[in-house]
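Step one of this worksheet: look at the structure below.
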Amino acid sequence: MNLKKEILRLKQEKNALILAHNYQLPEIQDLADVVGDSLELSRIAKERSADLIVFCGVVFMAETAKVLSPQAKVLIPSLWAGCFLADTISVEDVRQLRERYPGAEFVAYVNTSAEIKAEVDICCTSANAVRVVKAIDPNKTVVFLPDRNLGMYVQKQTQRENMVIWDKGYCYVHEEIHPKDVLEKKRVFPDAEVIAHPECPPEVLELADAIASTSGMIKWAQRSDARRFIVATEREMVYRLKKELPEKEFIPVSDRAVCRTMKETTLERLYEALLEEKYEVRLPEKIISKAKRSIDRMLEVV
Ligand code: 13P
Ligand code: SF4
C-alpha cells in the first residue's frame, strides 16, 4: 500500500484539514495542508471551520485547536505525543501561585495543558510573548509560566521588574543545547548567523543573532543577507527552513536536539488516525470556555 497516496485519498474523502508543527518528520510536513509554529496553527484552527482536523504535533497543540474550533472533530495520531515542558506544571501549582500572588496577571506559554490555560488570564507563544507581557498593565505583577528560559528572555526584553517567573519549567530539547555547541559550529562556519529559539538557556541566547519562534526563524532568514545559518532548536526545523529557502544553508546546532514526542507521528499513525478517526481530543465544556478566554485574549493582543 502506498501510504502517502492513501493519506491524501482519505484526507480528500473526509474533507480533513491536516495541520503540522515545524518539528514534524519531513514526510509529515510534506503531506500537511499547513505547517507552522504554535501561533500560526492556532490562528488556522480558529479561522478555518473544518469538520475534521488531524493535528500532527503534540497534545497541547491539538487541545488548542479543539478549544478554538470546538465544533470540529480534532484528532491526534498518537496519544503518547505529550510535551515535556507542558508536564512540568500542575493545576495545583498554579493555584498555589495564585494564593501567593493575589491580583497578579497570570501568563501561560501555550505549551501547557488546556486545564492550565483555563486557570490563567492570558496565553502567549514564543512568537508573541514579549508583546503579550508588554500589553499588561505595568502596575500589575506578572506571573509567567511554565518555561523559565522564555520567561527570562521576556523579562530582559521588557525590562519588567514586577515579573515572577516559575523556575521549574524547561524543555529538555532546548536545555540540552549548550554554548559550546554554538561556538563549535561558529568555528567551522564563521560567516553563519545564529538563530535561536527562546526556549534555549540564556547563555545560548547571548550568542544568537536572532531569537525567534520556529516560523519567526524563516522570516529572519528570508530577510537576512547571510547565506548560512546555525539553527539552535529542534532538528526538523532545518528541513522546513531548507524547503522554504533552498538557496540558503542551514546547519543544525546539535544532533541531540530531537523532540521525541514530535516524532510519535509517523505516516502509519497518520493513516490510521484518518482511517479510524482516532484519537479524538475531548475536553470538558467548562475547560474549553475558560481556556478559550485566555487564548482569545492572546489573539487580540497581536
Ligand atoms: P513555536 O511556537 O516557536 O513553534 O514553538 C513550539 C515549541 O514547542 C518549541 O519547542
Ligand atoms: Fe515540548 Fe520541547 Fe518538544 Fe517543544 S521541543 S514540544 S517544548 S518537549
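The values are calculated or read from the model by the stated rules, or taken from the named source; none is laboratory data. Being a predicted model, the structure only gives us computed values, none of them experimental. We place every Cβ from the backbone using ideal geometry, glycine too, and count neighbours over all the protein chains shown. Side chains included, ligands, DNA and RNA excluded: accessible areas come from the protein's heavy atoms. Shrake-Rupley method; radii C 1.70, N 1.55, O 1.52, S 1.80 Å.
Residues of the range 1-39 being within 15 Å of ligand 2 (Cβ to nearest atom) and charged (D, E, K, R), which ones?
Within the range 1-39, ASP37 is the sole residue that qualifies.
Taking the condition of a type in the set (Lys, Arg) and part of a helix (DSSP H, G or I), does LYS168 pass?
So LYS168 does not fit the description; no.
Identify the residue in the range 248-289 that is farther than 26 Å from VAL67 by Cβ and assigned to a strand (DSSP E or B) and, among all such residues, is most open to solvent (accessible area, probe 1.4 Å).
Here the residue is GLU249.
Looking at (1) in contact (Cβ under 8 Å) with a residue 12 or more places away in the chain; (2) more than 21 Å from the chain's Cα centre (by Cα), which one does PRO70 not meet, given that it meets all the others?
(2)
A quick yes/no check of all residues on (1) touching a helix residue (DSSP H, G or I) at 6+ places or on another chain (Cβ under 7 Å); (2) of a type in the set (Gly, Ala, Ser):
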| site | (1), (2) |
| --- | --- |
| LEU25 | yes, no |
| GLN29 | yes, no |
| LEU39 | no, no |
| ILE44 | no, no |
| SER49 | no, yes |
| ILE76 | yes, no |
| ASP93 | no, no |
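In the range 187-221, how many are assigned to a helix (DSSP H, G or I), hydrophobic (A, V, I, L, M, F, W, C), away from ligand 2 (no atom under 16 Å from the Cβ) and under 28 Å from LEU41 (Cβ atoms)?
Summing the residues that are assigned to a helix (DSSP H, G or I), hydrophobic (A, V, I, L, M, F, W, C), away from ligand 2 (no atom under 16 Å from the Cβ) and under 28 Å from LEU41 (Cβ atoms) in the range 187-221 gives 3.
Which one of the conditions (1) in a helix (DSSP H, G or I); (2) touching a residue at least 24 places away in the same chain (Cβ under 8 Å); (3) over 24 Å from LEU85 (Cα atoms) does GLU184 fail to meet, given that it meets all the rest?
All conditions pass for GLU184, except number (2).
Before we move on, is LYS292 within 22 Å of LEU19 (Cα to Cα), within 16 Å of ligand 2 (Cβ to nearest atom), in a helix (DSSP H, G or I) and within 20 Å of the chain's Cα centre (by Cα)?
no
Name the single residue, out of those in the range 99-118 being of a type in the set (S, T, N, Q) and open to solvent by 10 Å² or more (accessible area, probe 1.4 Å), that is farthest from the chain's Cα centre (by Cα).
SER113
I'd like to verify a number: residues in the range 290-302 that are surrounded by fewer than 17 Cβ atoms within 10 Å (Cβ to Cβ) and of a type in the set (S, T, N, Q), how many?
Of the residues in the range 290-302, 0 are surrounded by fewer than 17 Cβ atoms within 10 Å (Cβ to Cβ) and of a type in the set (S, T, N, Q).
If I go through the range 222-247 residue by residue, how many of them are free of Cβ contacts under 8 Å to residues at least 12 places away in the same chain and either buried (at least 18 other Cβ atoms within 10 Å of the Cβ) or part of a helix (DSSP H, G or I) (or both)?
2
Here's the yes/no breakdown for (1) loosely packed, with under 15 Cβ neighbours inside 10 Å; (2) among the polar types (S, T, N, Q); (3) more than 19 Å from TYR279 (Cβ to Cβ):
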| residue | (1), (2), (3) |
| --- | --- |
| ALA16 | no, no, no |
| SER38 | no, yes, yes |
| GLU47 | yes, no, yes |
| LEU52 | no, no, no |
| GLY57 | no, no, no |
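Tell me, which residue of the range 137-156 that is assigned to a loop (DSSP other than H, G, I, E, B) and surrounded by fewer than 21 Cβ atoms within 10 Å (Cβ to Cβ) is farthest from ligand 2 (Cβ to nearest atom)?
By that ranking, first place goes to ASN139.
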